[in-house]
Amino acid sequence: IAAHSSDVERTEEMEFSMRERMLGLLINYDIEALLKTFEKYSRIFGLVKFYERLLTPVMYKVGELWSNGTLDIATEHICSNAAHTLVKIINEKVSRQKQPSTEVKKILLCTPEGEMHSLGCMVIESVLISKGYSVFNIAPSVPSTSVISFANKIVPDLIIISITLTENLHAANRLIN
């Protein structure tokens with residue numbers, strides 16, 4: 001209904017409610033309900049909007065709650081692991097439904113050495129696969145020499161480096177250099 005409505009406020013209220021529900025589902029590691037939420041939302045708004053309007057804000061909320069001490073580290077890890085599992089299932093579905101492409105571009109996804117967060121790469125992987133790209137996701141935390149060696153082997157058309165924590169910027173700059 002919201003997709004066909006000009007009522008932006010109503011859509012935002014629905015998304016806010018869905019984000020609150022998703023947070024609870026992540027905390028309770030309810031993958032089945034998370035998958036139903038994904039399917040319901042993405043059927044109307046699409047894969048990218050699901051990540052952009054629901055999962056990303058919820059994961060930022062998890063980080064904020066952990067940072068201010070409202071969420072303990074174990075629960076933060078449960079949320080992260082549930083999100084990883086959800087995105088992995090989404091990636092499997094997307095891989096089966098990917099668009100055929102006449103000229104497949106190769107894209108290498110990686111993180112700099114020391115960056116242990118790979119959810120961003122997994123999300124990007126979904127979107128790229130759905131567009132027909134051949135994606136090589138080697139995240140998280142691969143030594144620079146291994147990234148370079150692998151890149152030389154597959155000769156990607158694009159390399160995407162994902163960084164979650166600012167403390168990993170130096171390692172990313174070393175990798176780029």
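Of everything in region 4-42 that's among the acidic types (Asp, Glu) and in a loop (DSSP other than H, G, I, E, B), which residue is modelled with the lowest pLDDT?
Ranking the qualifying residues of region 4-42, first place goes to 7.
Among the residues of region 61-120, write down those that are among the basic types (Lys, Arg) and more than 19 Å from residue 132 (Cα to Cα).
Once the filter is applied, which keeps residues that are among the basic types (Lys, Arg) and more than 19 Å from residue 132 (Cα to Cα), region 61-120 yields only 61.
Consider region 14-28. How many of its residues are surrounded by 15 or more Cβ atoms within 10 Å (Cβ to Cβ) and not aliphatic (A, V, I, L, M)?
Going through region 14-28 one residue at a time, the tally reaches 3.
Could you check region 29-56 and list, in sequence order, the residues that are surrounded by 15 or more Cβ atoms within 10 Å (Cβ to Cβ), of a type outside the set (A, V, I, L, M, F, W, C) and closer than 15 Å to residue 14 by Cβ?
Across region 29-56, the qualifying residues are 37, 41, 42, 53.
The values are calculated or read from the model by the stated rules, or taken from the named source; none is laboratory data. Keep in mind that what you see is a predicted model, and the values were worked out from it rather than measured. Note: ideal-geometry Cβ built from the backbone for every residue, glycine included; neighbour counts use all protein chains shown.
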